[in-house]
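A quick write-up on the structure given underneath.
The values are calculated or read from the model by the stated rules, or taken from the named source; none is laboratory data. The structure presented is a predicted model; accordingly, all values stated were derived computationally and were not measured. So basically every Cβ, Gly included, is an ideal-geometry build from the backbone, and we count neighbours across all protein chains shown.
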Amino acid sequence: MFFFGLALSAAVIWLLPWWALPLTAFLIGFMLPYKFHYVWSFSLSAGLAMAALSFVRDGQSHGLISKRMAGLLSLPTPTLLFAVIFILGFVTAALWMQAGLVLSKRSAKTLK
Amino acid sequence: MRKWFWLILAIGWLLFLKLGAGPLPGLGPLFEVSTGIWDHHPSTLESRTLSGLKDKVTVTIDQSGVPHIFARNESDLYLAQGFVMAQARLFQMDISTRVTAGMLSELVGERGLAFDEFFVKFGMRGSVDEMWRAIGKKPRTRAMLEAFVTGVNLYVDQLQEPPPEYKILNVKPQRFSPERFVHMGKALTFNLAGRTFDLELSQIAGKFGVEHVLDLFPQYLPAKFEDFVDPRPHGKAPLAEPTRAFQTSFKEFPSFPWANPGQGSNNWAVAPAKSASGTSLFANDTHLGLTLPNIWFETQLYTPDFNAYGVSLAALPGLVNGFNKDIAWGPTNGTTDVLDFYEIEFEDETSARYLVNQQWYTGREEKQIVKIKGGNEKEIVVMNTHLGVLLHRQGKLGLVADWAGHRPGNELLALRGLLNAANVDECLLSFSDWRVPIQNFLCVDKTNIAWTHAGFVPKRPAGQGRFVMDGRTARVPLIEELPESDRPQARNPAQGFLRSANEKILPPSAGIYLGWDYEPPNRGQRIQEALQAKDKWTPEDMIALQNDVRNVEAMRILPHLLRLVKQDELTSGQREALELLRAWDYRVLATRIEATLYAVWTDKFKEKIFGDDVLEEGKRKLMPRDARLAWLLARLEANPNDPDAKWVDDRATDAKETLTGQATRALQATWNLLIERLGPDPKLWTWRNWQQPRFLHAGRLPGFGSDVLTVDGSNDTVSAVAKAHGPTYRVVVETGEWPKAWMQVPGGNNGDPFATDFERFVTDWSQGRMRQVEFYRDMEEAKKAAVRIVEFTPSAEVK
């Protein structure tokens, strides 16, 4: 799940608008059987993909963008900015996948 | 229920990512990898067609990033200048032209509302409308501005990717109206000519009397403590201020922005007789807010009619400060008082009718709308009376402000005249169109130097405008202009130089009252002393003087304090600090602690001496100047029973305080404050750590300015570096067959905060280094030295 999630979320984050990540997480959650470690793995991979891709893009600006944005968010170092981005990706994927999972469970019950 | 909980939580999180919260922008779109903040492409000038051009324009970029614009006519020049400037500085241009227009909230939300409300209420919109109507009658100025705005809007129209600040604020750049650029001029005018302490002085006079105010805030001190721009001898009797004044009935005043300490400038000119090259030398440095991008934009402007180099405000056509092949010019703020307040009385608490000289007048009310980001609006009622704009009401009383800055001038035309002025006479003549802000302009040509106090200089009886005045008996016109024959100006003085540093203009012997409040004499005195001391000046000497960091005021005050303090009441650390101060050479060095000790000790001492004799206005207290303190110390040392002894005692205590006791307690308080702020190790109390000078972002975005800089100097030194103010531009010009110039514009021209050269020259600036500018004789010469050449061609339909 982790590597599948990493590949999928990297592709989604790189190619599609920002709201595509929660949508993807929701759909995966909706489709997969309810297992907590799925949520954990996919969210972890989404957070890592988002932080890593941001880091790559930042390199093109010689690290100036992360320096300025860290200042904007009152973070003491640019490194912490990537930690924040990781958390954003992680929480977004986790919340929407969880929402998909619980709704899917509800739908299944309703169908029965 | 649990299921809905997760869905609601997820939707809430999504909304937070989209919309942000409080000052936090929407982080979802902002950190989107493909199109968010990471997707940044540095903007570069490209050759292209520009509709509106009449002919081809060539722009060469030199290795310092300075554009040299070569056009065949003026209209094309300003259009190209607008395009080039917008390409480099669009966001700065946008935000700086919004300040006085009451449009900040539209861009930055609620945090801009206080500014918007103040400037709308102060009548800036009406003032700009009036100025724009006046410009309409002056075809040359209007054409200049319209061509510039066309260039800016052409850039906005073709913009693919907005500057990053727009992404952070989640707004799109809009086209500009010409009035927005008139607002830019008004913003700078208010910054320089909106200085006033009338309200505070009225409050102090209300509690303690007018004589108390005149004693603490005198029009003139003895000569040793004063400095004047005017070098001419005068022989008239001094004008004494009246010791009685109108007593306002206001219990409270609205808060009015204070001038930033350290805001000012230096300029000086050396005549050929005192110059090593035998031609005139000129130096200028403007002390404004230290921002990135810099407030100035450096450029060379060339048409068949003129060839000039210098800096313009990053939202105005032409040049403000600069030089051409024949002359050099540059200002310091004149500081002369042009803002007065009147108390008027309305018919009742809500009426617009007010009584002046037994006659009823009706104020003209207008409803103005301030738009706030997100769709909200705020209505503000602006009332204009024939005495000024209403700022505040209290019962039947109204406080109106009469500001000369509201009167339309033609400053752009004055600046245009400088571009092709051939000598000092033509330079001075250009300023006949200048009204506000009053400036001390210096002009030099190869053989002459001249100074003029340019603008609408009020003719005042002594003391007028120091306090809030009685509008019930006011006569219109409220203030008249000083006759041209009395205008402060000088030309080729015998001393061989001219200089100004925002200090008082005229000595008492001139017999003319211009106001009481100017910058302290320190910088001017130091420049005077240096210019007198040397016979033959070189550009290198001029640069060295611009970087001078000797504190003249400290030389007057500190020896007294050192003699007064009681050693036996001090700790060993405090005594060691005194030893450091005894050995101090009065240079304000960033890595040393002497300047910190002196500055804090003086402030604490002044607070102990004068703190109970002035009123607190909110968190700000108007204190007597350091020069007044120096005079008090000199008087009391010569005679302990001098009348100035009355200031030493603290009214709040029963005990009788002494000067030595106050000096000792002030040093102890200094020690405690420094421990509290910078820690117990005195080695950390360096001037850099205390003052923490840095460049802030023009839009005040945290993290978008510079780091704290290690830079020598303070408000009181020629190199006037304060916390967030300082020399935003330095230039030295050597006139001659072809002028040579050395310049420093910290931040450079590039306004892109993600570009590697956004902080260009900041390090050079902090170390006092200048670079020789490339001033080309013609386009061919510029092309040979260019790192980039851009051609703007007219579009087919116009051609």
Pick out the one residue from B:W38, B:W4, B:W13 that is free of Cβ contacts under 8 Å to residues at least 24 places away in the same chain, closer than 22 Å to B:P164 by Cα, within 9 Å of chain A (Cβ to nearest Cβ) and not aliphatic (A, V, I, L, M).
-> B:W38
If you check B:I505 against the conditions, is it among the aliphatic types (A, V, I, L, M), closer than 30 Å to B:Q772 by Cα and in contact (Cβ under 8 Å) with a residue 40 or more places away in the chain?
-> no
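Here is a check on your reading of the model: is A:F42 free of Cβ contacts under 8 Å to residues at least 60 places away in the same chain and not hydroxyl-bearing (S, T, Y)? Steps first, answer last, please.
Details: free of Cβ contacts under 8 Å to residues at least 60 places away in the same chain: yes; not hydroxyl-bearing (S, T, Y): yes.
Yes, satisfied.
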In the range B:593-607, which residue that is closer than 12 Å to B:A577 by Cβ and of a type in the set (A, V, I, L, M) is nearest to the chain's Cα centre (by Cα)?
-> B:V600
Can you tell me which of B:L9, B:L45, B:L30 is out of contact with any Asp or Glu (no Cβ under 8 Å at 6 or more places or on another chain), modelled with pLDDT of 90 or more and farther than 23 Å from A:F90 by Cβ?
-> B:L45
Qualifying positions in the range B:384-408 - assigned to a strand (DSSP E or B) and charged (D, E, K, R) = B:R393, B:D402
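Residue by residue, here is whether (1) farther than 30 Å from B:N750 by Cα; (2) in contact with a Ser or Thr (Cβ under 9 Å, 6 or more places away or on another chain); (3) not aromatic (F, W, Y) holds:
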{"position": "B:L674", "(1), (2), (3)": "yes, yes, yes"}
{"position": "B:G679", "(1), (2), (3)": "yes, no, yes"}
{"position": "B:W685", "(1), (2), (3)": "yes, yes, no"}
{"position": "B:Q692", "(1), (2), (3)": "no, no, yes"}
{"position": "B:H697", "(1), (2), (3)": "no, yes, yes"}
{"position": "B:V708", "(1), (2), (3)": "no, no, yes"}
{"position": "B:S714", "(1), (2), (3)": "no, no, yes"}
{"position": "B:V718", "(1), (2), (3)": "no, no, yes"}
Taking the range B:760-790, which residues are assigned to a loop (DSSP other than H, G, I, E, B) and under 14 Å from B:S64 (Cβ atoms)?
-> B:F761, B:R769, B:M770, B:V773, B:E774, B:F775, B:Y776, B:A786, B:V787
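Do the conditions hold for B:A143, that is, is it surrounded by fewer than 23 Cβ atoms within 10 Å (Cβ to Cβ), assigned to a helix (DSSP H, G or I) and without any contact (Cβ under 8 Å) to a residue 12 or more places away in the chain?
Working: surrounded by fewer than 23 Cβ atoms within 10 Å (Cβ to Cβ): yes; assigned to a helix (DSSP H, G or I): yes; without any contact (Cβ under 8 Å) to a residue 12 or more places away in the chain: no.
Judged against the criteria, B:A143 is not a match.
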Give, as residue ranges, the helices (runs of 4 or more DSSP H) completely inside the range B:609-703 that count at least 3 residues that are more than 34 Å from the chain's Cα centre (by Cα).
-> B:626-638, B:659-678
Do the conditions hold for B:F253, that is, is it out of contact with any Gly (no Cβ under 9 Å at 6 or more places or on another chain), surrounded by 15 or more Cβ atoms within 10 Å (Cβ to Cβ) and farther than 29 Å from B:G511 by Cα?
-> yes
Would you point out the residue of the range A:24-78, among those that are farther than 23 Å from B:F754 by Cα and of a type in the set (S, T, N, Q), that is farthest from the other protein chains (Cβ to nearest Cβ)?
-> A:S41
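Can you name the residue in the range B:609-634 that is under 12 Å from B:V648 (Cβ atoms) and modelled with pLDDT of 95 or more and is also surrounded by the fewest Cβ atoms within 10 Å (Cβ to Cβ) among such residues? Show your work before the answer.
Initially, the range B:609-634 is screened for residues under 12 Å from B:V648 (Cβ atoms), giving B:609-613, B:629, B:632-633.
Then keep just the ones that are modelled with pLDDT of 95 or more; that gives B:609-610, B:629, B:632-633.
Values: B:I609: 25, B:F610: 19, B:L629: 23, B:L632: 23, B:L633: 23.
Applying the filter and picking the extreme gives B:F610.
From A:V91, A:V56, A:V39, grab the single residue that is among the hydrophobic types (A, V, I, L, M, F, W, C), at pLDDT 90 or above and over 26 Å from B:P23 (Cα atoms).
On the way: A:V91 fails: over 26 Å from B:P23 (Cα atoms); A:V39 fails: at pLDDT 90 or above.
Exactly one residue qualifies, and that residue is A:V56.
Is there a residue in the range A:2-11 that is crowded, with 22+ Cβ neighbours inside 10 Å and more than 18 Å from B:I8 (Cα to Cα)? Explain how you work it out, then say what you get.
Kept after step one, since they are crowded, with 22+ Cβ neighbours inside 10 Å, are these residues of the range A:2-11: A:5, A:9.
Now restrict to residues that are more than 18 Å from B:I8 (Cα to Cα): A:5, A:9.
Yes, the conditions are met somewhere in the range A:2-11.
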Top-ranked residue of the range A:79-102 - restricted to ones that are more than 9 Å from chain B (Cβ to nearest Cβ) and of a type in the set (F, W, Y), ranked as farthest from A:A10 (Cα to Cα) = A:F82
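Here are B:F176, B:F181, B:F190: which of them is outside any helix (DSSP H, G or I), buried (at least 20 other Cβ atoms within 10 Å of the Cβ), in contact with a Ser or Thr (Cβ under 8 Å, 6 or more places away or on another chain) and not hydroxyl-bearing (S, T, Y)? Walk me through it before giving the result.
Values: B:F181 fails: outside any helix (DSSP H, G or I); B:F190 fails: outside any helix (DSSP H, G or I).
On inspection, the qualifying residue turns out to be B:F176.
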Wholly inside the range B:302-383, strands (runs of 3 or more DSSP E) that include 1 or more residues that are buried (at least 17 other Cβ atoms within 10 Å of the Cβ) are B:306-313, B:321-324, B:328-333, B:339-345, B:353-356, B:364-371
Can you tell me which residues in the range B:745-772 are crowded, with 24+ Cβ neighbours inside 10 Å, on the phi < 0 side of the Ramachandran plot and either away from every other protein chain (no Cβ under 14 Å) or touching a strand residue (DSSP E or B) at 6+ places or on another chain (Cβ under 6 Å) (or both)?
-> B:V745, B:P746, B:N749, B:W765
In the range B:293-319, what residues are among the aliphatic types (A, V, I, L, M) and under 17 Å from B:M144 (Cα atoms)?
-> B:L301, B:A308, B:V311, B:L313, B:A314, B:A315, B:L316, B:L319
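If only one of B:D650, B:D654 is surrounded by 13 or more Cβ atoms within 10 Å (Cβ to Cβ), over 16 Å from B:D215 (Cβ atoms) and modelled with pLDDT under 95, which one is it? Talk me through it step by step, then tell me what you get.
Numbers: B:D654 fails: surrounded by 13 or more Cβ atoms within 10 Å (Cβ to Cβ).
Residue meeting the stated conditions: B:D650.
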Considering (1) aromatic (F, W, Y); (2) within 17 Å of B:P29 (Cβ to Cβ); (3) more than 10 Å from chain B (Cβ to nearest Cβ), say which one A:W14 fails and leave the rest.
-> (3)
Can you tell me how many residues in the range A:53-75 are under 16 Å from B:H41 (Cα atoms) and surrounded by fewer than 16 Cβ atoms within 10 Å (Cβ to Cβ)?
-> 5
Can you tell me which residues in the range B:18-35 are under 39 Å from the mean Cα position of the chain (by Cα), among the aliphatic types (A, V, I, L, M) and within 7 Å of chain A (Cβ to nearest Cβ)?
-> B:L27
